[in-house]
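Since every read-out is calculated from the coordinates, none of them should be taken as a lab result. Just so you know, these numbers come straight off a predicted model, no measurement behind them. Here the Cβ is made from the backbone with ideal geometry for all residues, glycine too, and neighbour counts use every protein chain on show.
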Amino acid sequence: MPGLLTIKTARAIDRKAREKFGISTLVLMENAGSAVAREIVKSCKGKKKIAIFCGKGNNGGDGLVAARHLLAQGINPDIFLAGKLLEVRNEAKTNLEVLLNLKRKVIEVNEINVDKINIAKYGLIIDALLGVGLTGQVRASYSELIRLINSSKAYIVSVDIPSGLDATTGEILGCCVKADKTITFIAKKRGMVIGDGPKYCGKIIVVNLGIPI
């Protein structure tokens, strides 16, 4: 098991998985999302409705996979996308299309309509907006969603890292989801244990993605 990961080392592991071991990003995304769903099933007993907030990149793709696995368990979450469906690319797009083929509604959200979400009805929120690759300040479209999530009284679970936290330095990049639990992959990220990381990650669960390191 590797030690604490930085953004650089996390990317290097992903690249090694693809290029040396032949483990595709799609497989890693499937493993990540299914692991998140398993942890959510443990956490959702007695909770009200579940909401999943997904970004357009790989972190959002993990959330979309988690949504499908929850559906397979008989749990029907509301799925929100930060942006437009047509803007989703690559492996995340593949998993978005699977949900759409299953006739599941994915709700487009932006800074204009974000306040129309009735956040109070959710007892559990999954944050899959921004992953460990974030380096610049959180953009307005995402910061409004982060504000909304943090305003709720729901139990909040972040996927890999709370959205808005620098995975290397533990710095808040403008704003950050304050999670009750973070389900992270392969190993803890350095930013989770230094700076503001400990205040925003909550309980950290580390899950393996099937990469033989």
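Key figures for this structure:
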read-out	value
Computed [θ] at 222 nm, helices only, for the chain once each DSSP H run of length n ≥ 4 contributes -39500 (n - 2.57)	-11000 deg cm²/dmol
Under 17 Å from the Cα of K199 - aspartates and glutamates, other chains or at least 8 residues apart	D127, D160, D166, E171, D180
Charge dipole magnitude, Cβ of K and R +1, D and E -1 - segment 21-89, Cα centre, debye nearest 20	280
Across K103/K178; K103/K188; K48/K105; K49/K84; K48/K181, pairs whose alpha-carbon gap is larger than 28 Å	K103/K178; K103/K188
Candidates K181, K45, K153, ranked by Gaussian network fluctuation over the chain, Cα under 10 Å, top entry	K45
